[in-house]
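For reference, the structure is listed below as structure tokens.
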Amino acid sequence: MMMRHRHCQLLQSSIRSVNHHHHRRHCRELSILIRSYASSNNIIQKHLHCKTILSKQQQCRSITTQQASPSPPIQHPHQRLTISRATHLLNSHKLTPQQLCQHAHNLATFGEHSLHLNAYIKLLPWNNVLQQAQLSQDRITNGQRKSWLDGIPVTVKANVAVGRWWMMPSSSSAILMDERDNNDINGTASDFNNNNDIEDEEVYESDIAKKLLKECGAVLIGITNMDEFGMGSLGLNSGISLQDSGNHCNNVTGSSTDDSKQAQQYFDKKQYANPIYNPLPWMHRLSMLQSHNQHYNDNDDPDQYWIEQIQNSTMQNPHGISDEDALEELLNEVRYWTQPPHNDGDSSTNIEASSRDYTATTTSPLLSSGGSSSGAAVTIAHGSSLLSIGTDTGGSLRLPAAWTSTVGFKPTYGTFSRYGVVSYASSLDTVGFVTGSVECARIGWECLSGSDRRSKSNDDDYERSCVDFNKSRDATARVYHDDGCYGLLTSQQHQQQEPTTDTVKPLANIRIGIPNAFSLHETPPLIANAWSAAANTLQNIGGATLVPIPESVVSSEWIKLSCAAYYVLACAEASSNLSRYDGVRFGLDVDLNDFANLDNVQGYEEYHPLSNMTALEEKISTTRVLGFGDEVQRRVLAGTSVLSSDRFHTHYEAAAVVRAKVSQSIERAFRSTAINNGGVDDDKVDVMLVPTALSFPCTLNPHLGDRMMDDMDPTAAFGNDVMTIPISLGGFPSISVPAQDDNDNSDRREKDVVGLQVFGMRGSEDIVLQVANAINNSS
């Protein structure tokens, strides 16, 4: 007790030295959380903190149990365009890349201007998109398509460098925002974006963007929004959005009256959240409007449906709603909920929607989209892109995918090079992507991994080849994939070990594990039922063998400890990685003289540097306080604390031990380990099936102010990733797919979405995708 009390005093002392008054309460909460991460004798406690997180998670769920529309979403079979169908339409010359990308650009503009989704931090002007689409059209005409992604509209997360289109990846943080990247969503662009004289060698471009755009020929629509530096799981921590209109920190300069007003506007903006909204409620309403005027049946030609939808698409009505009055009423409701009056009394943004009090008849329909790759999942769910590149640290792709009914794919750690990706936690960051279906994810995987040998002109001509990861920039890929034939070797070995005459069921040779360690009592019945239904489907229809994994193999104690270990390790690495943004090497260029007379600005007194700082320390402190958001500052403070000399052994090293134990515990359950060693163990499995999240999307209400939710605690959202973190700690490949239960869904709400994740041994992406596809097809 004395040691723990001393830890509390030391951390509180370090927090006081920072002199951030409005952060002290949050830091005290973090100090309580951190103290539970480890005991003073280097052994992580069998602490109650995981139960605390899950209880806070239940509180978050209780907030979202407000009354919502009881009607289930209308899921028409033609509603979501897939990559394979788009490729078929392009190859058959029924559509052109220009038409396809124009439709995607219209959807993106409609989503930002009319639905206010905040999914994009940068939307490329149409002329830039048209240039890319025209090049793709030329290749199709000449029979020289680069891949199945050639001409397909895609998006990229804001922490990935995309050459001339996004040379300075900002990670949705004001500290990295470059004014040259500010553009008007209506179609104008800065001179930088229109400068075609820039040589490719002169721009900074990530390996994944180069592969996607140059080698595969995809068409970039825009850059997706995210939680700042990937820190967050609700999509509430974005430091920048297209709605900011260029109101960034580097504009806060000068000491005149006008500059004081500008500074005041910035501080007000910094305190007001710019959430990335889940499009599912509005997509549900839009589909209902479509169904009122259009009638479909199973005999309709899907190709013809999409040809008409795309060719008739407009920026004001890309969904093809014929009832203009009903559409306008819907958009008025959107504006009412997403643009409440600000504290300054300016109600101009609330337009005529204020004439109707929607709160009298319903609660807020706005839902969280998850995080941190919120924008990536939203663009896929809304349809403005067919594949969106993102990063996954502890569930950043899979959680948003689960909450938006999309597919989030995280390959084995190190598979895709992180060159050109802004670092958060280097030992955990994994490049992946979000798609609309598992079929799309498989196409994206084959193209981006370099194993696609499909004919560029014939959809049925297909040959799967091995991948040479010795050419990868990332040494981790060479370690995990030294067999040189990615994923196929495991499938061939399984066929040799267990020959079967059943050629009908696709999963006859696959063993799927159901770990007891992930069966937490906090699992909601709807998620538990969907989990059970998916397992039964894989067994009865797919022919897979279900294998219960007991506690003796994968221990629930290590799984519970993984959440604590993750936040210790991630915060520590973030503290180290973000130390470079000091305004001297990288970050905002703040002139302290410009802040000399801003003491009267409301909110600035909380950021004023200490009086005993040197000029350099004052500049660094001001830069980081102005540039970093609240969540980033909390995690940097926590990471700096666990890396201190008196906590490194009791916190950081203990968390590293837990990470190793969790990874070894899960690894022991996979059959590929025994096969690679020359043996067969019937107790081993090929993949495991678990829920992606134990909660549903939280309801958001901008009318509550910058906190968006009642009684929202900064650490409450930590529990959202409790099911994805153990997989990330081991670097295993994983995919989240939408799932449904077998029960009557007549009373199911839009936010009652369930995601299940399939994960396997490192290098088993093909098997993971195969099992996930069976779940996706049955939903």
Virtual spin-label span in nm between ASN536 and LYS94, 7 Å along Cα→Cβ: 3.7 nm
Computed lengthening from THR314 to HIS521, 0.36 nm per intervening residue step minus Cα-Cα distance: 69.7 nm
Burial order of peptide ranges 120-130, 612-622 (average beta-carbon count within 10 Å, highest first): 120-130, 612-622
The stretch 385-447 and the stretch 610-647: distance between their alpha carbon centers, rounded to Å: 30 Å
Accessible heavy-atom area order of THR391, THR314, highest first, probe of 1.4 Å: THR314, THR391
ILE321 accessible area, 1.4 Å probe, all protein chains in place, Å² to nearest 10: 10 Å²
Burial order of peptide ranges 655-664, 759-768, 228-237, 549-558 (average beta-carbon count within 10 Å, highest first): 228-237, 759-768, 655-664, 549-558
Potential lengthening between ALA656 and SER778 on full extension [0.36 nm per residue; Cα-Cα distance subtracted]: 40.0 nm
Entries of LYS210/LYS619; LYS210/LYS661; LYS157/LYS560; LYS619/LYS661; LYS157/LYS619; LYS122/LYS619 with Cα pairs more than 32 Å apart: LYS210/LYS619; LYS210/LYS661; LYS619/LYS661
Contour minus Cα-Cα distance for ALA615 and ASN142 (0.36 nm per residue): 164.1 nm
Protection proxy ranking, peptides 281-288, 424-431, 730-737, 325-332, average beta carbon neighbours within 10 Å, highest first: 730-737, 424-431, 281-288, 325-332
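The values are calculated or read from the model by the stated rules, or taken from the named source; none is laboratory data. No experiment lies behind these values; they were computed from the predicted model shown. Note that we place each Cβ from the backbone using ideal geometry, even for glycine, and neighbour counts take in every protein chain shown. For the accessible areas, the whole protein counts, side chains as well, though only heavy atoms, and no ligand, DNA or RNA atoms are used. Shrake-Rupley method; radii C 1.70, N 1.55, O 1.52, S 1.80 Å.
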